[in-house]
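Below: one structure, written as structure tokens.
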Amino acid sequence: MKVFRKVLLSLVCGATLCSCTAPAQQESKADEDKNAVIETIMTRRSVRKYQPQAVNRDTMQIILECGINAPNAINKQAWEVRVVDNPEFINGITEIFKKVNPKMAEAPDFKNMFRNAPTVVFIANDTTFPFSQVDCGLMAENMMLSAWSMGIGSVCLGSSAHFINDTPEAAPYLEKLGFSENYKTLVCIGFGYPAETPAAKPRDKGKVKFVD
């Protein structure tokens with residue numbers, strides 16, 4: 001009987017100890033995760049120089065999954081995404097870009113119109129849905145932050161999206177992307193393994209205020 005009581009007491013004490021330490025461990029883990037997220041946000045920079053190899057497709061798949069899990073209005077998911085890592089596509093449309101914008105192509109380190117990124121994500125929004133541009137922006141940020149957390153650089157490009165939309169010579173490339181009716185290319189994101197470490201640019205904290 002005494003042995004049984006000792007065993008029971010041991011089990012009760014053990015359970016009590018677990019119930020006391022588990023929340024502390026969970027809180028510690030939450031702090032670690034929070035710090036990792038904050039570090040990713042605060043250290044992420046736009047990269048404009050890349051290694052030549054395209055991003056591994058398994059890695060890109062993770063980035064895309066993070067993108068489509070971004071918050072969006074009424075879960076409309078009013079976006080479409082196309083990923084291009086085919087040099088023939090990237091170089092082909094770049095040749096058109098160079099003819100239209102010869103001065104921009106004169107830079108000694110110019111390789112392609114996507115800031116030399118070897119992998120490009122095209123995001124199109126549903127033009128019939130009023131909040132689609134915001135939703136696509138949230139998606140893009142998820143992609144860029146998740147990429148940075150895995151050592152992948154990125155650069156968000158609005159001008160490249162406008163070029164492929166508005167340049168008649170680029171029409172075959174836009175058609176190849178195959179966006180649905182009423183969808184329009186809103187932004188392009190270049191992804192790649194960084195070949196530079198850009199410094200942070202100052203932010204105007206005066207634009208942020210608490211309202212009492």
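Here are the numbers for the structure shown:
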quantity	calculated
Unmet criterion (only one of (1) modelled with pLDDT of 95 or more; (2) small (G, A, S); (3) touching a Lys or Arg at 6+ places or on another chain (Cβ under 7 Å)) for A105	(1)
Verdict on T94 being surrounded by 13 or more Cβ atoms within 10 Å (Cβ to Cβ), within 30 Å of P202 (Cα to Cα) and at pLDDT 90 or above	no
In the range 73-101, the residues that are in a loop (DSSP other than H, G, I, E, B) and closer than 17 Å to H162 by Cα	N101
Residues satisfying the stated conditions in the range 111-144, i.e. touching a residue at least 40 places away in the same chain (Cβ under 8 Å) and assigned to a loop (DSSP other than H, G, I, E, B)	M113, F114, R115, N116, A117, P118, T127, T128, F129, F131
Any hit, the range 186-205, residues being in a helix (DSSP H, G or I), over 12 Å from the mean Cα position of the chain (by Cα) and more than 17 Å from T94 (Cα to Cα)	yes
Flag if M150 is at pLDDT 95 or above, closer than 17 Å to C66 by Cα and in contact with a strand residue (DSSP E or B) (Cβ under 7 Å, 6 or more places away or on another chain)	no
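The values are calculated or read from the model by the stated rules, or taken from the named source; none is laboratory data. Just so we're clear, the structure is a prediction, and the values are computed from it rather than from any experiment. Using ideal geometry, Cβ is built from the backbone for each residue, glycine included, and neighbour counts are taken over all protein chains shown.
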